[in-house]
Amino acid sequence: MASSPIDLSLALVTAAPDAADWLVVLPVALCIATGALLTMLRGRPALQGGLAVFSLAVLVLLNIGLVSHISASGPVTMMMGRWLPPFGIAFTADMAGALFSLSGSVVALAAGVYSLGDINEKGRRHGFYPFLMLLMAGVSGAFLTGDIFNLYVWFEVLLISSFGLMVIGSEDRQIDGAVKYGFLNLVATTLFLIATGFLYGIFGTLNMADIARKAAGFSGTAPLMTLATLYVFAFGMKAAAFPVNFWLPASYHTPRIVVSALFAGLLTKVGIYALLRTGIMLFPAERAGLSGVIATVAVLTIISGALGALAQSDMRRLLGYLVVSGIGAMLAGLSLGTVEAVAGTIVYGVHSMLVMGALYLAIGLAGRAAGTFEIGGAGGLWQRQLPLSALTLVLFFAVSGLPPFSGFWPKLMLVKAALADGAGWLAAALLIGGFLTTIATGRFFLIAYWRPSSSPQRGEGGPKGRMRGNTGSELAEIPPYPPFGHLLPAGEKGQAAALLPVALLTLASILIGLYPEPLIAAAKTAAEGLVTPSAYIGSVFGGEP
Amino acid sequence: MEPVFAVLTGLFFAFAVYLMLSKFIIRVLLGVAILGNAVNLLIFINGRLLREVPPVLAAGLDVPAGPVANPLPQALILTAIVISFSFFAFLLVLSWRAYEALGTDNTDRMRLAEPETSPLPPEGY
């Protein structure tokens, strides 16, 4: 066989990739390597936190490098195993993926710092840090891959890590939440796999650039419409769009607060990113056909999320509904599909990652100080926890979309895009959703922070769990709510250290609010790249198609 | 051959959906297992079926002489099998744990995370 005349160089990428192109795979490689290392260091819980935070900081730096590389020279591609596209698995990062990847890593870093004081030795022995790193590998991989089956694999990587994170502590409430979270998310990814199987049957390729190139030829045919519908359904379920979002409020308040922050910051936004990638880049004509459905779903998600938030008496469950309401706003941008609307969705995604992550962390501290997560049970936090209360107030303004914080600009962009498209009712829903959110968070702030404490015996950090309403079933004995026994001693120093990540994320929100131009410009670039993916295709296949 | 397999896949999906609509976790679990197999079959058919022509080159040839079976779906299915098996294992253990902890496998009665009688939201300042 040595005399085979086959010239392998024709099937392989022979040129060495640019050194800067390695940035596409380094975030994933770093997370997997650190995850493996931390798994090996299972017996050394003292080492794990520092190592994980260090590698998350490196991840943020890598993502900053990736964003600046892409803004300088456009989308970057690297082929696995040097196979020529479309045969090898491609990693292709464009501005949209890189922006999401960057803000996701910032949230993960903040959560990593916070976890140093929130995850005790038992949690570390149960693998919190390896799961965290593998979750980030899945999230980064999903944002940076250029192959749709590979996207499925990254979804599963992040899903299985999130299962592990969700049950750390193995309280009964967590098990209950994890059952609902696990089954429904597995069904969602299976739907994604079904769609991908059909996609392979139609196109004979899994490379997203190749699909985008070929999809124009099939435009408007029934199989493609089926595909687009399946993808919207599957990713809508992942992103917690209205009729298929009940797993989120059922589960997001059960795990450790730092895990909730990670999930709220990252997981639903991966769904939104996948919706943008498939809906805007791969199947634009079919998405336009579905835009009425998506817009209806968006409105229902915005309103039901905001109303759900109004109806909660538990701080964490209130935040779960706020996550849902934000997803509705992002779906509104998807339903419009113009460059401005998609840019609005991307800015909203970045804002929502930072602010929702920060809010969960801030509420974790508030709950620790008040000894309960009941809104009515807390009180007087303003007097006892001034810096935390001020940060929380800023975050509440940001999540409601009030200027001058980060929530204002994406909402403005989306409302403008909706009005420009003649969809006045979509703009109205966005504004009503913002109004209801303001009421929900305003009431929350008034009662839990501003009103003097009604029960003075509730001291700092004491395990003062309250019994919730008795269901009358065999489940009557509900553990103290919330369980604070695992917390490290929260002295002055510990409090300041835990406040740091919240403060940094809030600062990011304020900065985006005061000086939004760079982010908006980057989001516009990203949106243009999704709407007209010629640069993306060119980066995979070389030259313009 | 594809139509026969398409009907078979449809049957798999029907069984899976029927089982997953149940209130009882153990049936949902069985439904998930069947669903995974249904999807694997679906991917397999989408790669087109061809009997007994392995994708192996004869000596001295650079390309196969005639049509050969498509090896890619098998790679995809292998990945999907590994993933769905690991998820099934996790969910099985989780369900057992939930049964131990909550004393029921009826999803209607698993209300620990969302109590039916949670307090009303504060109505005034």
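Note on region B:1-122: Cα-only Rg and Dmax are 21.6, 81 Å. Computed on the Cα atoms alone, the convex hull of chain A gives a volume of 155 cubic angstrom per residue. At R0 = 35 Å, how high is the FRET efficiency between A:R384 and B:S86 if r is their beta carbon distance? Nearest 0.05 is fine. Efficiency at R0 = 35 Å is approximately 0.15. Each peptide in A:377-386, A:269-278, A:398-407 receives the mean, over its residues, of other Cβ atoms within 10 Å, and ordering these scores from highest gives A:269-278, A:398-407, A:377-386. Spin-label model, A:F246 to A:A33: label points 7 Å out along the Cα-to-beta-carbon direction sit 4.6 nm apart. As a rough footprinting exposure proxy, the listed residues B:F88, A:F396 were ranked by other beta carbons within 10 Å of their own, and the order from fewest upward is B:F88, A:F396.
Separation of region A:415-439 from region A:32-90 is 38 Å, based on Cα centroids. The separation of region A:130-147 from region A:285-300, counted between C-alpha centres, amounts to 28 Å.
Take the alpha carbon atoms of region A:189-255, find their center, do the same for region B:1-64, and report the distance between the two centers in whole angstrom. What the calculation gives is 19 Å, centre to centre. Please compute, for peptide A:204-211, the average count of beta-carbon atoms on other protein chains lying within 10 Å of each residue's beta-carbon. The mean count of partner-chain Cβ atoms within 10 Å per residue comes to 1.
Quick check: from the Cα gyration tensor, does region A:298-361 come out rounded (a/c under 1.5), prolate or oblate? Could the numbers behind the result be given before it?
Working: a/c = 5.03, a/b = 1.59, b/c = 3.17.
Oblate shape, in that a/c is at least 1.5 and b/c is the bigger or equal ratio.
Annotation note: chymotrypsin sites (Phe, Trp or Tyr not before Pro) in region A:76-141 located in DSSP loop regions with a Cβ neighbour count of at most 16 within 10 Å are A:F87. The residues packed around A:A239, meaning those with a beta-carbon under 13 Å from its beta-carbon, carry a net charge of +3 if Lys and Arg are +1 and Asp and Glu are -1. Would you work out if region A:39-191 is rounded, prolate or oblate? Take a ≥ b ≥ c from the square roots of the eigenvalues of the alpha-carbon gyration tensor; rounded if a/c is under 1.5, else prolate when a/b is larger than b/c, oblate otherwise. Note, shape of region A:39-191 comes out oblate. Taking a sphere under 14 Å around the Cβ of A:T345 and counting the other residues whose Cβ falls inside, with K and R at +1 and D and E at -1, yields a net charge of +3. Length gained on full extension, B:L72 to B:V53, computed as 0.36 nm times the residue gap minus the Cα-Cα distance: 5.4 nm.
Note on B:V4/A:K122: beta-carbon distance plugged into 1/(1 + (r/R0)^6) with R0 of 51 Å gives a FRET efficiency of 0.40. Helix B:72-102 against the longest principal axis of chain B: what's the angle in degrees, Cα atoms only, rounded to the nearest 10? Long axis of B:72-102 versus the principal axis of chain B: about 20 degrees.
Each label was represented as a point 7 Å from its Cα along the Cα-to-Cβ direction; for A:A72 and A:V531 these points are 2.8 nm apart.
Which whole DSSP H helices in chain A pass both tests: a Cα extent of 30 Å or more along the axis and a mean Kyte-Doolittle value no lower than -1.0?
Flagged H segments are A:45-73, A:172-203, A:284-310, A:315-336, A:339-370, A:424-445, A:492-514.
Dividing the helix sum by the residues of chain A, where each DSSP H run of 4 or more adds -39500 (n - 2.57), gives a mean residue ellipticity at 222 nm of -23000 deg cm²/dmol. By the count of other C-beta atoms within 10 Å, a proxy for reagent exposure, B:L61, A:L12 are ordered fewest to most as B:L61, A:L12.
The modelled label-to-label distance for the pair A:E517/B:I26, using points 7 Å beyond Cα in the direction of Cβ, is 6.7 nm. Counting Cβ atoms of other protein chains within 10 Å of each Cβ in B:83-92 and taking the mean gives 4.
Using a cut-off of 15 Å between beta-carbons, work out the net charge of the residues near A:A522 (Lys and Arg +1, Asp and Glu -1, A:A522 not included). Provide the component values of the computation, followed by the final result.
On the way: positive: A:K524; negative: A:D94, A:E340, A:E517, A:E528.
Computed value for this residue: -3.
Taking 0.36 nm per intervening residue step and subtracting the Cα-Cα distance, what contour gain separates A:A420 from A:R82 on full extension? Before the final figure, lay out each step's value.
On the way: separation 338, 0.36 × 338 = 121.68 nm, distance 4.53 nm.
Gain on extension, A:A420 to A:R82, equals 117.2 nm.
Per-residue mean of foreign Cβ neighbours for A:245-258 is 1 (Cβ atoms of other chains, 10 Å radius).
Bear in mind these aren't lab numbers, they're just calculated from the coordinates by the rules spelled out. Fair warning: this is a prediction, and the values are worked out from it, not measured in the lab. Glycine also receives a Cβ, built like all others from the backbone with ideal geometry; neighbour counts cover every protein chain displayed.
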